[in-house]
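Down below is the structure, laid out as C-alpha cells.
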Amino acid sequence: MQQSPAPALLPVSALILAGGAGSRMGGVDKGWLSFQGQPLIEHALRPLRPYAREILISANREQARYGALGYTVLGDAEPGFPGPLHGLLAGLEACREEWLAFVPVDCPLLPDDFLPRLWSLRRGYPLVAVADDQGLVPVMGLIHRRIQGPLRQYLRSGKRRATEFLATLPHQTLPLADSYLHNCNYPADLRAEPS
C-alpha cells in the first residue's frame, strides 16, 4: 500500500503561547496538564509539526522541560506573567521566517490543517485572525514579522488586550467552529468531551 507523501513545509515559524499564570487552574503550568491522555503541549504541537519550518515555545516556567521537547523556548522580557502579547512579541523578535503562526497551549482540538488554512488566506494582509461566532479569537492566527513595531508601541502604551490589538490591524479571518476551539481554562475543561 502506497503511503501518502509528507505535507510540504510552509515558510512559517510557529509559536505556542504557554507562558500564562494558569490562575484559573490553580496556578499550574497548563502545558503539562493532561487532556485525553496527552499533555496540552503535545496537542498544541500536533497541527504545527507537519507544516512549520520552526517551532518556538513561549514559557515563563519549566523552561528546561519545554526545551527538552527540542524547540527554542522564549521567556517574556517583563516579569510577573505580563500577558500573551508579550509572548507574541518575543516570538516575532525571535522567529526566522517572515510569518509567525501563533496558538495558545490550552486549545487542544485545532484541525490538522490549521496552518495551511491560515496560510491560504494571508495575501494582502499582515494578519490572519481566527474568528468564531462572537468575533476574533484572542492569541490565535498568523501574523507578519513587520507587526512587531506596532505591537511594541501598543504594549508601551500600557495596553495588553490581545483582541483589541489584533482588531487594529488589517486582517482576514479564518472562521472555525466551536468544536475546534475547546479551551482548557478550568479543571472541568480537561475532562469535558468536546461537542
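The values are calculated or read from the model by the stated rules, or taken from the named source; none is laboratory data. Keep in mind it's a predicted model, so treat the numbers as computed, not measured. All Cβ positions, even for glycine, are placed from backbone atoms using ideal geometry, and neighbour counts span all protein chains on display.
To keep it simple, each residue is scored yes or no on (1) crowded, with 17+ Cβ neighbours inside 10 Å; (2) among the β-branched types (Val, Ile, Thr); (3) in contact (Cβ under 8 Å) with a residue 40 or more places away in the chain; (4) out of contact with any Ser or Thr (no Cβ under 6 Å at 6 or more places or on another chain).
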site	(1), (2), (3), (4)
136	yes, no, no, no
148	yes, no, yes, yes
152	no, no, yes, yes
157	no, no, no, yes
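Among the conditions (1) farther than 24 Å from residue 186 by Cα; (2) modelled with pLDDT of 95 or more; (3) not in a loop (DSSP other than H, G, I, E, B), the only one that residue 141 does not satisfy is (1). Of everything in the range 158-177 that is of a type outside the set (A, V, I, L, M, F, W, C) and assigned to a helix (DSSP H, G or I), the residue that is modelled with the highest pLDDT is 164.
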